[in-house]
1. Other chains' Cβ within 10 Å of B:5-17 residues: what's the mean?
2. In the protein assembly as shown, what is the volume of the convex hull around the alpha carbon atoms, normalised per residue and reported in Å³?
3. Does anyone have the angle between helix B:3-19 and the longest principal axis of chain B? Alpha-carbon axes, 0 to 90°, nearest 10?
4. Give the angle, between 0 and 90 degrees and rounded to the nearest 10, that separates the Cα long axis of helix A:112-121 from the longest principal axis of the Cα atoms of chain A.
5. If each residue's Cβ is checked for other Cβ atoms within 10 Å, how do B:Phe211, B:Phe233 rank with the fewest at the top?
6. What's the long-distance tail for the range B:65-157, i.e. % of Cα pairs beyond 22 Å?
7. Strictly over 26 Å apart at the Cα level, which of A:Lys12/A:Lys181; A:Lys12/B:Lys7; A:Lys94/B:Lys113; A:Lys22/A:Lys181; A:Lys181/A:Lys220; A:Lys179/B:Lys84 would you flag in this model?
8. When ranked by the protection proxy of mean other Cβ atoms within 10 Å per residue, highest first, what sequence do the peptides B:55-63, B:14-22, A:90-98 form?
Amino acid sequence: MDPIISVTALDKTYRSGQRALKGVSLEIRSGEILALLGPNGAGKTTLISMICGLTSPSSGQITVGGYDIVTDYRAARSLIGLVPQEVALEPFEKVLNTVKFSRGLFGHPPDAAYVEQILRQLSLWDKRNTPIKELSGGMKRRVLIAKALSHQPKILFLDEPTAGVDVELRKDMWDVVGKLKASGVTIVLTTHYIEEAEAIADRVGVIADGDILLVEDKDKLMAQMGIKELYIELQKPIKAIPPALASYDLWLAEDGGRLTYVYDTKAERTGITGLLTDLSAAGLALRDLQTSQSSLEDIFVDLVKD
Amino acid sequence: MNIHAIKAIYFFEMARTFRTLLQSIISPVISTALYFIVFGSAIGSRMVAIEGVSYGAFIVPGLIMLTVLMQSVTNASFGIYFPKFIGTIYEPLSAPVSYFEIVVGYVGAAATKSFVIGLIILATSFLFVPVQIAHPFWMLGFLLLTCLSFSLLGFIIGIWARNFEQLNLVPSLIITPLVFLGGSFYSISMLPPFWQTATLFNPIVYLVSGFRWSFFDTADVAVSYSLAAIFVFSVLCVSVISWIFKTGYRLKN
């Protein structure tokens, strides 16, 4: 399938001399949910700002729906809805009017029924005549989403959508995201919360220090890098790993009471059965067994650390 | 052309005006009415007529100009500065809107507001002093062109300003002195010769003179000069604005 967004060799150096993006290339597929993970200052927001036309690239090219974002900016931008990271809303304006404003700005004639549908979906309908300054922080975030959806975009950017958001709103938000995806909308979100990416994304991109370290199907990524650990609690502490067990990838905890065995779930033989047999042959009595699988977070920390 | 976007910006800005009716319309009208009472009725009645026009009436065009210039600049500069300040500027900048459409929306709304204020002040002046309008069509034309060109200037100031202090700097330190020294309250023929010449470098002289001509058929400088001055000034502002959008000056990183 043709990518809906294509970013080629994108480079950005700010006037301060800071190089925020270092020749980034990225293809975003139509209809997918792509999560961009990365530490603060990695370049996530810079990347999104450039696709949306808020920041000018130093070099490189971006197309959205096949349209160049500079020469064909009208066609490109009509496809995009942006929910910015910072809550930026006209404080004295009413909810309904600010959503209507966004729709007009994107060149659409008024559509009261559609606007009502969005506001209801985001539990904002009862607040439609409330000035924005009287809303809670979570409500303001909903308004930002309603504005971004007001012109029925094909692509939705959510920049840190759940930073400082309560559980209920987060749930509502993922409901909306789910429905949008079902209707064919492409969703790109940046987040610090790795569980979030793990829960809803189709693909995960990791950005650090202005570079895209990887973009991979989430399931593939987790399977590929899915390392499991087996913890073996011993009845009696030992001083060293017995020579009979030297062939296993084992390490001993400092107090000598626990052995950790690292294995690959994808491997043909995990070696667990053999290990357990050899353990008892070596005269070690077990107290408990435990396993853990590396999460996306471990993978992420590993990647960014290097 | 994204007509819906222009309408959206225009009406959003006009809604701000109606939300702050007291501050944006009633307050300038009241302060100008005070000028009419003090300079027009009270002091004006003791002054000799200037070029056959009673002093009270003579200052009407200048006073309207004073308010309209200030209002155009402050409305337009605030209109674009405020979204920058609170961050909502991200929306017009990421929307399928051309720079021309953004300017038409913001500047159009600011100019409309000051035009309406100008008309209200004119209507108010009839309550205090006898005013005649020799060329009503030209009067409206001068008023409209002034509102537009100074709203363009205000738009530039709003983009240039980094804080509220800078936003107020130009209106209070530049526009006010230029208007007071621009013949709002006197005819420049009343000045010593040196100052008459110096005054000709003040662009506001041309606006006030042309506007006054549309009322009383007498002018300090030729009407064609006044029109040319507004035209040159507008072209200058439009060029600066197109440069701003081309380079993203203080709008984009």
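Please treat every number below as a calculation from the coordinates, not as lab data. Given the structure is predicted, the values throughout are model-derived calculations rather than measurements. Note that each Cβ is placed from the backbone with ideal geometry, even for glycine, and that neighbours are counted across all protein chains shown.
1. Numbers: counts 7, 3, 5, 11, 3, 1, 4, 8, 0, 0, 6, 3, 0.
Across B:5-17, the average partner-chain Cβ count within 10 Å equals 4.
2. Numbers: hull volume 110.1 nm³, N = 559.
Normalising the Cα hull of the protein assembly as shown by residue number yields 197 Å³.
3. 60
4. 30
5. On the way: B:Phe211 26, B:Phe233 20.
In order of increasing Cβ crowding within 10 Å: B:Phe233, B:Phe211.
6. Details: 1505 of 4278 pairs.
Cα-Cα pairs in the range B:65-157 separated by more than 22 Å: 35 percent.
7. Numbers: A:Lys12/A:Lys181 30 Å; A:Lys12/B:Lys7 34 Å; A:Lys94/B:Lys113 21 Å; A:Lys22/A:Lys181 30 Å; A:Lys181/A:Lys220 20 Å; A:Lys179/B:Lys84 33 Å.
Where the Cα-Cα span goes over 26 Å, the pairs concerned are A:Lys12/A:Lys181; A:Lys12/B:Lys7; A:Lys22/A:Lys181; A:Lys179/B:Lys84.
8. Values: B:55-63: 24.4, B:14-22: 14.0, A:90-98: 19.0.
Taking the mean over residues of other Cβ atoms within 10 Å, the ranking is B:55-63, A:90-98, B:14-22.
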